[in-house]
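Novice: Take a look at the following structure, please.
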Amino acid sequence: MNRRSDRLKSLPEYPFARITRLKKGVKRDIIDLGIGDPDLPTPEYIISSLKNAIDDPITHQYPPYNGYLSLRKEIALWYKKRFNVSLSPHNEILPLLGSKDGISHILFSIINPSDYVLVPDPGYPVYKSATILAGGIPKIVPLLSQNGFLPDLDNIDPKGCKAFFLNYPNNPTAAVCSLDFLKNLVSFARKNNIIILFDLAYSEVYFDEKPPSLLQIEGGIDVGIEFHSFSKTYNMAGWRLGFCVGNRDIIQSLLSLKTNLDSGIFGAVQHAGISALKDEGFVEEMRKVYKRRLDILASGLSSCGFKVDMPKATFYLFLPIKGSSFDFSERLLKDTGVVVTPGISFGEYGEGFVRFSLTSPDDKIEEAVARIKKGFRI
Ligand code: PLP
């Protein structure tokens, strides 16, 4: 008997399930360039901070729902330093159990059933599933390569729309946006009374200019909030730590919802987060590692015949291919043992692309390129 709720049944298949099934059937050793999970360990200065904090019994008790004030103050300092944006630690900052916690729950606190939510395609699959779970209706916003994978704001029908997910630097396309784009976005949001949910999970993985914040724009804080992740910036994906900042009414609504869902973030993890934000060089080194891998992969794939535009941020290469992205990924896996993610996993407008991830060591990336060169026709 299928006891799943109608709501759960209405979700699309977990997008990476198909490729996971394929991987299981492959006998040779696999090089996985499909996943977006940093392979390098969390830096030692963060780990030792957790070890110290765990000896303090206060961290063994329930933490405050809105996180330690000391963490919120550290986030405010980081925001001032990074974006020159001043935030109140009292009501404009909320630590999260990873940014996915906020992204997947925010709609429960700001939309009503049958409200539309603008969902970018291709995009992080959680935007769509979170919309469906919260009773909203996803309205797809195509991100096209000819527009730099930015939404065409003039072509969006805003009727009935309550919220708009955006993500720059972008997964999967690696696109970035400018302050000018964000200025237009804030006007669009104001004019149409739409809440902007800006996902900055990759804000610190860049190789060019520093990616901007929505809150740098005048009036930005009136129209939305933005999400940050410790997972990608400090290799802390397993620790489950993130935060959101911005409009106090929206932040407080999310907090109010979350008091009913979880009981906060382990105190020792919060102390580790405070230390992480005090970083004095680790993140710069992390960017150098990804840049080196990017150079190896980009030049290698170019020499195999792929059309490569160098990304300015994220640890992804999103490359056009001929035909079905799933068939391409399947053939690549069978012929070479290299796993990539088909663009279709990120939505119908991702079709015709595949995503390579830089979360494997240099030698694995070199070997992947060598295998493709030797045994694959693109
Ligand atoms: N946003 C984007 C665009 C992502 O790619 C991811 C993870 O892959 C997340 C958010 C969630 O990150 P976390 O919950 O680990 O902070």
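Novice: Taking the Cα centre of segment 158-271 as the origin and placing charges on Cβ (Lys, Arg +1; Asp, Glu -1), which of ILE195, ASN260, PRO169 is farthest toward the positive end of the dipole?
Specialist: Of the listed residues, the answer is ASN260.
Novice: Now a separate question. For ASP154 and MET310, calculate 0.36 nm times their separation in residues minus their Cα-Cα distance, and state this gained length in nm to one decimal.
Specialist: 53.4 nm
Novice: Moving on to the next point. At a Förster distance of 45 Å, what's the computed FRET efficiency of THR20 paired with LYS80, Cβ-Cβ distance as r, to 0.05?
Specialist: The value I calculate is 0.60.
Novice: Given a cut-off of 31 Å, name the pairs among LYS9/LYS159; LYS81/LYS128; LYS81/LYS159; LYS258/LYS364 whose C-alpha atoms lie farther apart than that in the structure shown.
Specialist: Result: LYS81/LYS128; LYS81/LYS159; LYS258/LYS364 exceed 31 Å.
Novice: Per-residue ellipticity at 222 nm for the chain, helices alone: DSSP H runs ≥ 4 residues times -39500 (n - 2.57), over residue total, nearest 500 deg cm²/dmol?
Specialist: Calculated mean residue ellipticity at 222 nm is -12000 deg cm²/dmol.
Novice: Shifting gears a bit: Using the Karplus curve 6.51 cos²θ - 1.76 cosθ + 1.60 with θ = phi - 60°, work out ³J(HN,Hα) for each residue of segment 333-348 in order, rounded to whole Hz, and write x for Gly and Pro.
Specialist: Per residue, the Karplus-derived 3J(HN,Hα) values read 5, 5, 7, 10, x, 8, 9, 10, 9, x, x, 4, 4, 9, x, 4 Hz.
Novice: Among the listed pairs LYS80/LYS183; LYS100/LYS373; LYS183/LYS288, give every one whose C-alpha distance is greater than 25 Å.
Specialist: Those over the limit are LYS100/LYS373; LYS183/LYS288.
Novice: Remind me, what semi-axes does segment 285-378 give for its equivalent ellipsoid, largest first in whole Å, using sqrt of 5 times each Cα gyration tensor eigenvalue?
Specialist: They are 20, 16, 11 Å, listed from largest to smallest.
Novice: Need the full-extension length gain, LYS73 to LYS278, defined as separation in residues times 0.36 nm minus the C-alpha distance. One decimal, nm.
Specialist: 72.6 nm
Novice: Can you run phi through the Karplus equation (6.51, -1.76, 1.60; θ = phi - 60°) for segment 315-320 and list ³J(HN,Hα) in whole Hz, with x for Gly and Pro?
Specialist: Values, residue by residue: 10, 10, 10, 10, 10, x Hz.
Novice: Report, by chain and number, residues whose modeled amide H sits under 5 Å from the one on LEU143, excluding near sequence neighbours (fewer than 5 apart, same chain).
Specialist: ASP121
Novice: Relative contact order of the chain, please, whole-number percent, based on alpha carbon pairs below 8 angstrom and at least 6 residues apart.
Specialist: Once divided by the residue count of the chain, the mean separation gives 25 percent.
Novice: Per-residue counts of other Cβ atoms within 10 Å, averaged by peptide: what ranking do you get for 213-224, 248-259, highest first?
Specialist: 213-224, 248-259
Novice: Another question about this same structure. In whole Hz and in residue order, list the ³J(HN,Hα) couplings for segment 363-369 that follow from phi through the Karplus curve 6.51 cos²θ - 1.76 cosθ + 1.60, θ = phi - 60°; x for Gly and Pro.
Specialist: 5, 5, 5, 4, 5, 4, 4
Novice: Separate question: Along the charge dipole of the chain, Cβ charges K/R +1 and D/E -1, which of TYR206, LEU71, PHE328 sits furthest on the positive end?
Specialist: Value: PHE328.
Novice: Enter the angle in degrees (range 0 to 90, nearest 10) between the Cα long axis of helix 44-54 and the first principal axis of the Cα atoms of the chain, meaning the one along which they spread out most.
Specialist: The angle comes out at about 40 degrees.
Novice: Treating only the Cβ atoms of Lys and Arg (+1) and Asp and Glu (-1) as charged, compute the dipole magnitude of segment 1-155 about its Cα centre; round to the nearest 20 debye.
Specialist: 520
Novice: Report the trypsin sites (Lys or Arg not before Pro) located in segment 16-52 that are in a DSSP loop and have at most 15 other Cβ atoms inside 10 Å of their Cβ, or state none.
Specialist: For trypsin sites (Lys or Arg not before Pro) across segment 16-52 that sit outside H, G, I, E and B with at most 15 neighbouring Cβ atoms in 10 Å, the list reads LYS27, ARG28.
Novice: If you don't mind, another one. Count neighbours as other Cβ atoms within 10 Å of each site's Cβ, and list the trypsin sites (Lys or Arg not before Pro) in segment 287-343 that are DSSP loop with at most 12 such neighbours.
Specialist: LYS307, LYS322
Novice: Filter LYS232/LYS312; LYS162/LYS191; LYS291/LYS312 down to the pairs with a C-alpha to C-alpha distance above 18 Å, please.
Specialist: Exceeds cut-off: none, every pair is within range.
Novice: Which value, in debye to the nearest 20, gives the size of the charge dipole of the chain about its Cα centre, when Lys and Arg are +1 and Asp and Glu are -1 at the Cβ?
Specialist: Dipole about the Cα centre, nearest 20: 880 debye.
Novice: In segment 243-308, which GluC sites (Glu not before Pro) are in a loop and have at most 12 other Cβ atoms within 10 Å, using DSSP for the loop call?
Specialist: Sites meeting the loop and neighbour criteria: GLU280.
Where a number appears in this text, it was derived from the coordinates with a stated rule and is not lab data. If you're wondering where the values come from, they're calculated on a predicted model, not measured in any experiment. Glycine gets a Cβ as well: all are built from the backbone with ideal geometry, and neighbour counts include every protein chain shown.
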